[in-house]
Amino acid sequence: MKAPGYDYARALLVERGEGPEGLTRVMIDHSIMTCVSREAPTHRAGRLFVPLRFWMPYGFWTEADGTKVLFSRDYCPLWRVQEGRAPVRDDPDRDVKFVKQEWYFDEGSFRGTVDTVMSRGFEILREHRVVSLPRLAEWFPECLATGRWISDLKRWPGGPEMVRAG
C-alpha cells in the first residue's frame, strides 16, 4: 500500500477500481479498506499473505481448569493449550468461559511494524508449541471472496446466528 498512513502495508486486492483514481478495495493485516487504485500497486509474486488478524495471537484467556486459549485481535479463539498436551485448534465462534484475560499486544503495538509484530507472534507460537494454522484462517477465503471482515462472520455470544459456508 502507498496510501497516507499505510505506507508499504501488506495488502491483497479485493476489488480494483478502473483507472488510477478508481476506488479499490484491499484487505490489509487489520481490515478491508477502500483506497484509490494508484495507492494499491500490483502484488509482488511469490509472497504469501494471510492477514495477521487471522492467525496471530493477540492475548490469551485462562479457563477455570487452567487451560489457556490463545485468541485473535478480533477475540476469536485460536488454540487451546494445556500443559503436557499438544495445542488444539479451537472453534473461532466458541464462547469461552474464562477466569482471566491477558494480552501480548496493545492496539498500538499490534499495528506496529509488520516484521516486529510477526517476530513477536512467532515467539508466542513457539512458546506454546503451535505448528498449525488456526481454524480462523479457514475464514480468510470467504472474507476475501465476499469482501466481509471477521466481525461480519463471527457469531458473537448472545447475538444472532450467522450462516456461513462450510
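The values are calculated or read from the model by the stated rules, or taken from the named source; none is laboratory data. From a predicted model like this one, the values you see are computed outputs, not experimental measurements. Here Cβ is always computed from backbone atoms with ideal geometry, including for glycine, and neighbour counts include all displayed protein chains.
Enumerate the helices (runs of 4 or more DSSP H) found wholly within segment 90-150, keeping only those where 2 or more residues are in the same structural domain as residue 78 (by TED's automatic domain parsing) and under 14 Å from residue 73 (Cα atoms).
Details: elements: 107-110, 114-127, 140-146.
The qualifying helices (runs of 4 or more DSSP H) are 107-110, 114-127.
Residue check: is residue 75 under 21 Å from residue 117 (Cβ atoms) and out of contact with any strand residue (DSSP E or B) (no Cβ under 7 Å at 6 or more places or on another chain)? Break it down into steps so the answer makes sense when it comes.
Values: under 21 Å from residue 117 (Cβ atoms): yes; out of contact with any strand residue (DSSP E or B) (no Cβ under 7 Å at 6 or more places or on another chain): yes.
Yes: the conditions hold for residue 75.
Kindly establish whether residue 146 is farther than 15 Å from residue 87 by Cβ and loosely packed, with under 12 Cβ neighbours inside 10 Å. Lay out the reasoning, then the answer.
Details: farther than 15 Å from residue 87 by Cβ: yes; loosely packed, with under 12 Cβ neighbours inside 10 Å: no.
Taking the combined requirement at face value, the residue does not satisfy it.
Take residue 132 and decide whether it is touching a strand residue (DSSP E or B) at 6+ places or on another chain (Cβ under 7 Å), at pLDDT below 95 and of a type outside the set (Lys, Arg). First the steps, then the outcome.
Working: touching a strand residue (DSSP E or B) at 6+ places or on another chain (Cβ under 7 Å): yes; at pLDDT below 95: yes; of a type outside the set (Lys, Arg): yes.
For residue 132, the condition - touching a strand residue (DSSP E or B) at 6+ places or on another chain (Cβ under 7 Å), at pLDDT below 95 and of a type outside the set (Lys, Arg) - is met.
Yes or no: residue 60 of a type in the set (A, V, I, L, M, F, W, C), part of a loop (DSSP other than H, G, I, E, B) and without any contact (Cβ under 8 Å) to a residue 60 or more places away in the chain? Walk me through how you get there before you give the answer.
Details: of a type in the set (A, V, I, L, M, F, W, C): yes; part of a loop (DSSP other than H, G, I, E, B): no; without any contact (Cβ under 8 Å) to a residue 60 or more places away in the chain: yes.
No; evaluated as a whole, the condition is false for this residue.
Of the numbered conditions (1) more than 23 Å from residue 147 (Cβ to Cβ); (2) at pLDDT below 95; (3) surrounded by 11 or more Cβ atoms within 10 Å (Cβ to Cβ); (4) small (Gly, Ala, Ser), residue 59 satisfies every one except a single condition; which is it?
Every listed condition holds for residue 59 apart from (2).
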